[in-house]
Structures are given as structure tokens and as C-alpha cells.
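Just below is one structure, and these are the notes that go with it.
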Amino acid sequence: MTLSNPPMREESRVRSMTDFYLTMMRTAIQTQFQYRAATYMYLAGMVAEPVIYLVVWTTIARSQGGQVAGITTGGFAAYYIVWTLVRNMNITFTPYGWEWRIREGMLSGQLLRPLHPIHYDIAEFAGGKVIWVLLYLPIALGLTLVFRPTFNVTPLDVAVFFVAIWGAYLIRTMSLWLLGMVTIWTTRGSAIFQTYMMAELLLSGRLVPLQLMPTWAQSLADWLPFKWTFFFPIEVLVGHLSAASLVVGIGMQTLWTGIGAGLVWLFWRASVKHYSAVGN
Amino acid sequence: MFQSVGVAWLYLRVGAMNELQYRANFAVALFQSLLALVVALVVLRLVYSHTAELNGWSEPELLCVLGIQILLGGVISAAIQPNMVRLLDEIRDGKLDFALMKPYDSQLLVSVREIRIWQTVDIIAGVIVLGVAVGRLHARVGLGEWLAFVALVVLGALMIYCFWLILATGAFWIVRMDFVAELFEGVYQTGRWPISIYPDWLRYTLTFLVPIAFAITVPAEALTSRLQLGSVLASVGFAVLLVAFSRWFWRTGLRHYSGASA
């Protein structure tokens, strides 16, 4: 008896990919839900970062008569409360995770699977987010009561926000995958990762809303992918953006996701050839 | 007593020698510490480009706070946290049995087994930042103030150690505690700013639940002529309380430990 796969039709390919993603995400949701207490503690540690920024800038805004660079205390509160939501969406497989999966021989196993390994990462982390975001909502409510944010959102903003957080997730996944693949070539990639993380911290709006940065830094940020992963989605929900900026933003996210995916595709082909298995 | 100190010293030496094998890690630690410093200085510059003082603290004064935070952070990541993380892992895996079977005080042993000497670059970086900051202060810092500062920083490190030990001891009851290190690092970042800027609920948390205020803000007060006798007494009193409580809690936890090894 011979086994041969009939050529798959485009329609059933789409259906099987959708099925794959849904199954992976469902599994990830169930896994994450088991460890909800631990996840909560991670969230608590994560919330410390924006709360500190928020307190500092609120203090300054108060001493300046209520606002800094046009942002009111309520505006800062809104920015940093949405910040954690977007930060959660931005969590993806890190370069340090890559070091681990090469060292432990996990990557060798993943190469045997029929799909490109990036699909597994995207689906798994996407599923985890459902739990993280759900768990963050009560914290967000608490922060809202304490810091009194002012939102100025339309239903359109909310709809765009829902798209933009996934755009941010994809851009960041592509970037970190590119960095991660560096570990196939060298075991000393940490200097590169850390420099990247610093650039991201400063130019993405993660540290402060970009309006507070010097003008040259803002222009620099326009040319880099970072601000589309933090600043843009946050601003969408805070509600400062015109319809035109929303369209431009989603367009830029699509562009950067495309560039990222292309680079991942190219770099992956070269890296896989270079890869030699480690592990047991 | 002397024997215990001898054992602790021996452990630290072995730990240091172990680390010395991996010299390239020095470059990694140095680079990491430099980047962190750059970010911290950028934040400070950003803040003071929008205001002249933050809740009464000038830029050099806040630089003092930053220096102390980096310095103490170096102590934590070189000597405190690695031991406590190892303790957490060993409680979960049941390997703590090996430490408990040794004929010395178990709390001492679990606290001195790891030393990350390359992380001491943060201590040096902190001292440099502190030196620059003090040089830029308007008021001169007298000898008495320096002595008070050193004593308060030592007390602060002791309090952070006790706090970490209390957290790690929690693993005798709650198995999955691997989030603790991240949680602590997140909360520790609050120490970069004077405690007075935080809202009340957070200020009390950062004073009595996590002793960040005593460990960083109070020593900074000593250098910026803000120190009051009340703060010193509170600091000493709270340190004594924490030492006693963490000791008692450790012993209670140990009685709860049944080993998890095969």
C-alpha cells in the first residue's frame, strides 16, 4: 500500500490553519488558567512599572498646574492604565527563551513538525493573552478608581484598538523572533538583545508618552517599528487620534508586520541551514 | 559562632572562585549595568526637563536616591537574590535536604551558598553615581551624615535580606513561587524615587510591607539633610523586628517541610 497525500486545496488549507490556531490557543488558555495565582503575581510585578511612571508624572503635572506637555493628570492615568493592557499583548517568545529551547534540544523537535515553528509561538502566546487580559481587568478597575483617568473614546477607537493590539503583537513577535534566531549563530547574543530592549523602552512610548521626549527623539521614533507596538495602540484607546491617524497607524502596523515577516522568512532559511542540534 | 562565620566565609570564597571561571560574564554584567544606568539617567533628565523639582527634591538629590538604589540593587543581585532563588528551587525539588543535613545553622547556610561577583559592578556603578551626586549637592555632607548613611544602608540591606527570606520561606507552603523574583524586581524599581511622592496606600506598603523606604529613602535623607531622629529609630526598630520575625518564620517553615525528593 502506498501512502500519498493528495494536493491540498487552498480552502481546506485555510480551514486546517484556523483549526490549528484555535486548538493551540484553547490549550494555551487552559494551561495558563491552571496557574492563575502565579500569573496574578506576575501581573502585580508588571503593574509596578507603569504605576511608578504614573505617580512620577502625575506629581510633576500637579506642580505645573495640572499638565505636562499638554497631558493632564487624567491623561497620564489613562495612558498608563492602558499601558499594561498593551504590555500584556506585547508579551511573546523572547530571545532568552530561544537560548533555552536550543540548549534543551526543543528546537530540534520543533523542526520535525509540519508547520513553520513561528505558528506555534504565535498561537500559544495569543491564547495565553486571553487569560492575562482577563486577570488584568480587575486590576485596571482598581487603578481606575485610584487614579481617575480621563478617556475620550468613540466606538471606532475601541474597534481600532482591538485590531491595533494584535498588530502590535505581530510586530513584536517578528522582531523578537529575528533577535531570537541570533542565538542559532552565537551564544553571546545578550548584548544585542539588551541594546534592542533599551531602544524599545525609550522610543516605543513604554517609558513615557512620546510627546514628552525631545523632538529629535520623536522624529527618530517615526522611522522605527517600536512606537507602533506601544504608543500607537495606547493612544488609540486613550482617544487622542484623528480618523486619519488611525488609518495611518494601522497601515504602518501592516507594513512593519510585512517587513518583519519577510525578514523572518529569509533569516530563518539561512539559520536552519546553520543550525546544529544540541540536547539530549 | 566563630565556626559559623568561618563556614560562611568558606562558602563565599568557593562561590567567588566558581564565578571567576566565567570571565566573559563580567563584560555581560558591565554592559547590562551601563545600559540600565543610561536609561535611568535619561528618565531623570526627562523629568527635570519638565520641572525644576520633584516634590521638593532637586536633580542632584534625586541622583543620590538613584545611586543608592543601584548600589543596593547590586548587593541584592550579587549576594541576596541568588541564594533565595536557589532556596525556592530547592524547596520545590526537595534538594533542600542536603543543606539541612549539614551540622550548621540552616538559615546561615542557605543564605551564603551563592555569590555573583560580577554583579558587584552595580555596587561600583552605584557608588560612582552617588559620588557625582554628592559633589553636585549644594550643602556639604559632613562626617556624621556619612556615618549615618553607611549605617542606614547596611540596615537597609539587612531588611531586604529578611524580607526576601520571608518570601522564600513562603515556598514551604506554596509550591509555585517562581514569580517572586520578578515581583520583587518590579517592586524594587519604586525605590528609584523618594517615597514621599507615592500616594498613601502605596507609601505604607513600601515602608512596612516591602521595606524599600527604609532601605533607600531614609539613607538618602541622611545625605540630603532631611534626616530626622524619628526615621533613624524607626529604621533600627523595624530592622530588629524583621530579623526576629524572619528567624521565627524560617523555623516554623522548616517544621512544615517534609522533603520532596525521591
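For A:TYR42, are the conditions met, namely being in contact with a Lys or Arg (Cβ under 9 Å, 6 or more places away or on another chain) and hydroxyl-bearing (Ser, Thr, Tyr)? Give the derivation first.
Details: in contact with a Lys or Arg (Cβ under 9 Å, 6 or more places away or on another chain): no; hydroxyl-bearing (Ser, Thr, Tyr): yes.
Answer is no for this residue.
From the list A:LEU210, A:LEU246, A:LEU263, pick out the single residue that is touching a Leu at 6+ places or on another chain (Cβ under 7 Å) and of a type in the set (A, V, I, L, M).
Values: A:LEU210 fails: touching a Leu at 6+ places or on another chain (Cβ under 7 Å); A:LEU246 fails: touching a Leu at 6+ places or on another chain (Cβ under 7 Å).
Result: A:LEU263 is the single residue among A:LEU210, A:LEU246, A:LEU263 that is touching a Leu at 6+ places or on another chain (Cβ under 7 Å) and of a type in the set (A, V, I, L, M).
Given B:TYR22, B:TYR11, B:TYR48, which one is aromatic (Phe, Trp, Tyr), under 26 Å from B:ASP178 (Cβ atoms) and within 14 Å of chain A (Cβ to nearest Cβ)?
B:TYR22
Could you check how many residues of the range B:152-191 are in a loop (DSSP other than H, G, I, E, B) and either more than 14 Å from chain A (Cβ to nearest Cβ) or aromatic (Phe, Trp, Tyr) (or both)?
First pass over the range B:152-191, keeping only residues in a loop (DSSP other than H, G, I, E, B): B:173-179.
Right, trim to either more than 14 Å from chain A (Cβ to nearest Cβ) or aromatic (Phe, Trp, Tyr) (or both) and you get B:173, B:179.
Total satisfying the criteria: 2.
Go through (1) under 15 Å from the mean Cα position of the chain (by Cα); (2) crowded, with 23+ Cβ neighbours inside 10 Å; (3) more than 14 Å from chain B (Cβ to nearest Cβ) for A:VAL236 and report which single condition fails.
Result: A:VAL236 passes all but (1).
Could you check how many residues of the range A:56-70 are more than 10 Å from chain B (Cβ to nearest Cβ) and in contact (Cβ under 8 Å) with a residue 60 or more places away in the chain?
Residues that pass the stated criteria total 1.
What single numbered condition from (1) under 26 Å from B:GLU221 (Cβ atoms); (2) at pLDDT 90 or above; (3) over 17 Å from the mean Cα position of the chain (by Cα); (4) within 14 Å of another protein chain (Cβ to nearest Cβ) fails to hold for B:LEU66?
Of the numbered conditions (1) under 26 Å from B:GLU221 (Cβ atoms); (2) at pLDDT 90 or above; (3) over 17 Å from the mean Cα position of the chain (by Cα); (4) within 14 Å of another protein chain (Cβ to nearest Cβ), the odd one out for B:LEU66 is (3).
Might you let me know whether the range A:200-217 holds any residue that is of a type in the set (A, V, I, L, M) and within 30 Å of A:THR27 (Cα to Cα)?
The answer is no, given that none of the residues of the range A:200-217 is of a type in the set (A, V, I, L, M) and within 30 Å of A:THR27 (Cα to Cα).
Of the numbered conditions (1) at the interface with another protein chain (Cβ under 9 Å from one of its Cβ atoms); (2) modelled with pLDDT under 90; (3) under 19 Å from B:PHE184 (Cα atoms); (4) in contact with a Leu (Cβ under 8 Å, 6 or more places away or on another chain), A:TYR53 satisfies every one except a single condition; which is it?
Failed condition: (2).
Does B:VAL236 satisfy the condition of being modelled with pLDDT of 90 or more and under 30 Å from B:LEU63 (Cβ atoms)? Full working, then the answer.
On the way: modelled with pLDDT of 90 or more: yes; under 30 Å from B:LEU63 (Cβ atoms): yes.
In short, yes.
Take the residues in the range B:32-57 that are crowded, with 16+ Cβ neighbours inside 10 Å and polar (S, T, N, Q); name whichever of them is farthest from B:THR120 (Cα to Cα).
B:THR51
If I filter the range A:196-210 for residues that are without any contact (Cβ under 8 Å) to a residue 60 or more places away in the chain, assigned to a helix (DSSP H, G or I) and within 12 Å of the chain's Cα centre (by Cα), do I get at least one hit? Working first, answer last.
Restricting attention to the range A:196-210, the residues satisfying the condition of being without any contact (Cβ under 8 Å) to a residue 60 or more places away in the chain are A:196-205, A:210.
So of that shortlist, the ones also assigned to a helix (DSSP H, G or I) come out as A:196-203, A:210.
Those left that are additionally within 12 Å of the chain's Cα centre (by Cα): A:200.
Looking for residues that are without any contact (Cβ under 8 Å) to a residue 60 or more places away in the chain, assigned to a helix (DSSP H, G or I) and within 12 Å of the chain's Cα centre (by Cα), one finds at least one in the range A:196-210, hence yes.
Name the residues in the range B:87-126 that are in contact (Cβ under 8 Å) with a residue 60 or more places away in the chain and of a type in the set (Val, Ile, Thr), would you?
Correct list: B:ILE91, B:VAL112, B:ILE115, B:ILE117, B:VAL121.
Yes or no, residue by residue, for (1) in a loop (DSSP other than H, G, I, E, B); (2) touching a helix residue (DSSP H, G or I) at 6+ places or on another chain (Cβ under 6 Å); (3) farther than 25 Å from B:GLU53 by Cα:
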site: A:THR59; (1), (2), (3): no, yes, no
site: A:ARG62; (1), (2), (3): no, no, no
site: A:GLY74; (1), (2), (3): no, no, no
site: A:TRP83; (1), (2), (3): no, yes, yes
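Give B:GLY259, B:GLY230 a once-over and let me know the one that is part of a loop (DSSP other than H, G, I, E, B) and at pLDDT below 95.
B:GLY259
Of all residues in the range A:22-48, how many are in contact (Cβ under 8 Å) with a residue 40 or more places away in the chain, loosely packed, with under 15 Cβ neighbours inside 10 Å, within 22 Å of A:PRO117 (Cα to Cα) and not β-branched (Val, Ile, Thr)?
Total satisfying the criteria: 1.
Please specify each residue of the range A:17-50 satisfying the condition of being within 14 Å of B:GLU182 (Cα to Cα), among the aliphatic types (A, V, I, L, M) and within 19 Å of the chain's Cα centre (by Cα).
The answer is A:LEU43, A:ALA44, A:MET46, A:VAL47, A:ALA48.
Do any helices (runs of 4 or more DSSP H) entirely within the range B:14-125 hold 2 or more residues that are within 26 Å of B:ALA171 (Cβ to Cβ), and if so, which?
Counting at least 2 such residues, we get B:59-75, B:81-93, B:96-100, B:106-112.
Quick one: is B:GLN32 over 19 Å from B:SER77 (Cβ atoms) and either under 21 Å from the mean Cα position of the chain (by Cα) or more than 11 Å from chain A (Cβ to nearest Cβ) (or both)? Even if it seems obvious, please write down each step before you answer.
Working: over 19 Å from B:SER77 (Cβ atoms): no; either under 21 Å from the mean Cα position of the chain (by Cα) or more than 11 Å from chain A (Cβ to nearest Cβ) (or both): yes.
No; evaluated as a whole, the condition is false for this residue.
Residues in the range A:87-99: is at least one surrounded by 15 or more Cβ atoms within 10 Å (Cβ to Cβ), small (Gly, Ala, Ser) and either within 30 Å of A:ILE118 (Cα to Cα) or under 20 Å from the mean Cα position of the chain (by Cα) (or both)?
Looking through the range A:87-99, at least one residue is surrounded by 15 or more Cβ atoms within 10 Å (Cβ to Cβ), small (Gly, Ala, Ser) and either within 30 Å of A:ILE118 (Cα to Cα) or under 20 Å from the mean Cα position of the chain (by Cα) (or both).
Go through the residues of the range B:155-166 one by one and say whether even a single one is more than 24 Å from B:ALA78 (Cα to Cα) and either modelled with pLDDT under 90 or not β-branched (Val, Ile, Thr) (or both). Walk me through it before giving the result.
First pass over the range B:155-166, keeping only residues more than 24 Å from B:ALA78 (Cα to Cα): none.
For the range B:155-166, residues more than 24 Å from B:ALA78 (Cα to Cα) and either modelled with pLDDT under 90 or not β-branched (Val, Ile, Thr) (or both): absent.
Does B:ILE128 fit the bill of being under 22 Å from B:ALA29 (Cα atoms), hydrophobic (A, V, I, L, M, F, W, C) and away from every other protein chain (no Cβ under 14 Å)?
Criteria met by B:ILE128.
Looking at A:LEU115, A:LEU134, which one is within 30 Å of A:ARG269 (Cα to Cα) and surrounded by fewer than 20 Cβ atoms within 10 Å (Cβ to Cβ)? Break it down into steps so the answer makes sense when it comes.
Numbers: A:LEU134 fails: within 30 Å of A:ARG269 (Cα to Cα).
Exactly one residue qualifies, and that residue is A:LEU115.
Residue by residue through the range A:36-50, note down the ones that are more than 7 Å from chain B (Cβ to nearest Cβ) and over 17 Å from A:LEU85 (Cβ atoms). Step through it out loud before you land on a result.
Residues of the range A:36-50 that are more than 7 Å from chain B (Cβ to nearest Cβ), as a first pass: A:36-37, A:39-40, A:43, A:47, A:50.
Across the range A:36-50, the qualifying residues are A:ARG36, A:ALA37.
The values are calculated or read from the model by the stated rules, or taken from the named source; none is laboratory data. Note that the coordinates shown come from a computational prediction; the quantities given were computed from them, not determined experimentally. Neighbour counts are summed over all protein chains in view; Cβ atoms, including those assigned to glycine, are modelled from backbone coordinates with ideal geometry.
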